[in-house]
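Heads up: the structure comes next, in structure tokens.
Every number in this text was worked out from the coordinates using simple rules, so none of it is lab data. Treat the numbers as computed from the prediction; the structure is a model and nothing was measured. Cβ placement follows ideal geometry from the backbone for every residue including glycine, while neighbour counts extend to all protein chains displayed.
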Amino acid sequence: MITVSCSSCGSKLFRYQKIGKGRLLHCWKNRISSDHTTRRGDDVYCLTCGQHIGVVEAEWANMHGGSFIVKGSALKK
Ligand SMILES: [Zn+2]
């Protein structure tokens with residue numbers, strides 16, 4: 001599991017099951033285990049400070065580079 005936090009205020013945004021190496025570019029909705037963000041339409045914002053985090057598509061959220069910090073480890077393939 002990884003924890004995705006806001007780069008602006010440090011608040012937790014998601015707990016997420018990341019699989020494989022590499023940068024986090026999008027989050028599959030069905031792998032998000034807890035969600036502390038708020039939505040306006042398809043846009044995802046930090047609940048605490050309102051920073052724009054990403055945009056929700058059909059099955060995943062496209063993450064806005066630089067808006068978040070990732071901690072924890074991904075599952076190895
Ligand atoms: Zn924030």
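Please determine, by comparing only the residues of the stretch 56-69 that are surrounded by fewer than 16 Cβ atoms within 10 Å (Cβ to Cβ) and under 11 Å from the mean Cα position of the chain (by Cα), which one is farthest from the ligand (Cβ to nearest atom).
In this case the residue turns out to be Asn62.
Answer with yes or no whether Tyr45 is without any contact (Cβ under 8 Å) to a residue 12 or more places away in the chain and surrounded by 11 or more Cβ atoms within 10 Å (Cβ to Cβ).
yes
Against the condition more than 19 Å from Gly72 (Cα to Cα) and outside any strand (DSSP E or B), how does Cys9 come out, does it pass?
no
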